[in-house]
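Beneath this line is the structure, given in structure tokens, with notes to follow.
The values are calculated or read from the model by the stated rules, or taken from the named source; none is laboratory data. Predicted model, so just to flag it, every value in this text is computed and none were measured. FYI the Cβ positions are ideal-geometry reconstructions off the backbone, even for glycines, and counts take in every protein chain you see. All accessible areas refer to the heavy atoms of the entire protein, side chains included, with ligands and DNA or RNA removed. Shrake-Rupley method; radii C 1.70, N 1.55, O 1.52, S 1.80 Å.
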Amino acid sequence: MEGVRPGGGPPASGPGSGSGSGSGSFPSLFPPGLHGIYGECRRLYPDQPNPLQVTAILKYWLGGPDPLDYVSMYRNLGNPALNVPEHWHYVSFGLSDLYGDNRVHEFTGADGPSGFGFELTFRLKRETGESAPPTWPAELMQGLARYVFQSENTFCSGDHVSWHSPLDNSESRIQHMLLTEDPQMQPVQTPFGVVTFLQIVGVCTEELHAAQQWNGQGILELLRTVPVAGGPWLITDMRRGETIFEIDPHLQERVDKGIETDGSNLSGVSAKCAWDDLSRPPEDDEDSRSICIGTQPRRLSGKDTEQIRETLRRGLEINSKPVLPPINAQRQNGLNLDRAPSRKDSLESESSAAIIPHELIRTRQLESVHLKFNQESGALIPLCLRGRLLHGRHFTYKSITGDTAITFVSTGVEGAFATEEHPYAAHGPWLQILLTEEFVERMLEDLEDLNSPEEFKLPKEYSWPEKKLKVSILPDAVFDNPLH
């Protein structure tokens, strides 16, 4: 539950505290991490010492559901000379370490990132006659913060978030998000580490798809050139009824050229997916894949889970040779500078503890496999093939309904346990599939109808008998049934 209140900066302690000092004359009342962020807000808005704030009534460290302690809301006059309209500016408090006492974030010192290393901001166009900022962006920011806390996946500039719903629960076409650096807020050094500011940018479905097929930074640059779609400060207008490609059809040509030249930076997604080993009798339950009828599913070990995390993070290899991290990869502290997965689904399911010692799970070479995807995941297969594998990269599907993972790799990816001699290989429930360029080109021809989902009827099956590979596109309900 949240409340809205005026405040000159969040109070120093939990519920029941006063609103603090708006003048900054009593900095000792403010936790140092919070004081640093608030100081940056005061630099931008010296005339607004007491902005409206949405505050979590029951703080996260006391068992509340909302990780953000506060979201401050400022009125920004824009910049007429740059064609930047007046708007509301929202700033979160809580993804970084505000307190330094381990109540929320582990204190790791001042040299690295503070907490997750960033706070979220959002710029919403102010409607004529609007005297107070809408509060729905605060809940949107809480939703993203819950994802970060639950999955421990940080966001980076250029990331996209597939939301599949109008951000304000209206009929708006703005149903997804991109993330970029806030154009005005500068990184802040606090006693608990550095805090940067990532701005949420609302986009249409067509713009999200373009970001997936190419890259988020490229689409953000296009949005900056269209005033009604964001302009230089990337301000979200929930009443925008046209995509940038409808406003300026020439922009689609720039995206198409970028895809052809650069490929896609999307290295993986959380998805509804599964796989079967068709080369083994169904009653053979040894070293089974994750989804087993009538048995306890085998789960990913902690090391496997970490390698998949790293696989999804390393999505920006353009000038260097893509390398899959070793199975014993250790998690790196600090900000992830490569792309992170998006939306609300964790890369690590709640059940992904190492039930079986990692060393006892051997890598198996498979003769024949059957891949299963829901329609949304299946629609990304052409992107995986054209935008990733043909550019010498890799692409991972991580199941949101179990511990299954499927990674497609090209012959140019080092560190994979799938090889040209044995193109299908599994390590527990993690399957890797190596596809040659020739086979990728053929698959793209055979899978062409995946580009027209409106004409698609489920279930749909594709098969390459000589390659001993089968792909099925199935209804969502199949993946919601644990016996599929």
Checklist entry - Between their Cα atoms, which of Lys372/Lys468; Lys398/Lys468; Lys125/Lys398; Lys59/Lys125; Lys257/Lys457; Lys257/Lys467 are more than 25 Å away from each other? => result Lys125/Lys398; Lys59/Lys125; Lys257/Lys457; Lys257/Lys467
Checklist entry - Using the per-residue mean of other Cβ atoms lying within 10 Å as a proxy for protection, in what order, highest first, do the peptides 382-392, 202-212 fall? => result 202-212, 382-392
Checklist entry - Packing-wise, with mean Cβ within 10 Å as the measure, how do 70-76, 375-381, 438-444, 38-44 rank, highest first? => result 70-76, 375-381, 38-44, 438-444
Checklist entry - Once you list every other residue whose beta carbon is under 10 Å from the beta carbon of Cys204, what net charge do they have if Lys and Arg are +1 and Asp and Glu are -1? => result -2
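Rounded to the nearest 0.05, what FRET efficiency do Trp464 and Gln150 give with R0 = 60 Å and r taken as the Cβ-Cβ distance? Could you check?
For Trp464 and Gln150, the calculated efficiency is 0.95.
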Item to check | Accessible-area order (highest first, 1.4 angstrom probe) of the listed residues Arg103, Arg224, Arg254, Arg240 | outcome: Arg254, Arg103, Arg224, Arg240
Next on the checklist: Can you compute the label reach from Glu455? Point 7 Å from Cα along the Cβ direction, backbone N cut-off under 17 Å, restricted to region 371-392.
Outcome noted: 379, 382
Checklist entry - Just how much of Lys468 is accessible, in Å², when a 1.4 Å probe is used and the result is rounded to the nearest 10? => result 100 Å²
Next on the checklist: Let's test the formula: R0 of 41 Å, r as the Cβ-Cβ distance of Thr261 and Leu62. What FRET efficiency results, to the nearest 0.05?
Outcome noted: 0.20
Item to check | Solvent-accessible area of Glu119 with every protein chain in place, 1.4 Å probe, in Å² to the nearest 10 | outcome: 0 Å²
Item to check | Sequence of His250, His370 from largest to smallest accessible area, 1.4 Å probe | outcome: His250, His370
Item to check | Amide H partners (placed H, <5 Å) of Ser270, local residues excluded | outcome: Ser342, Lys398
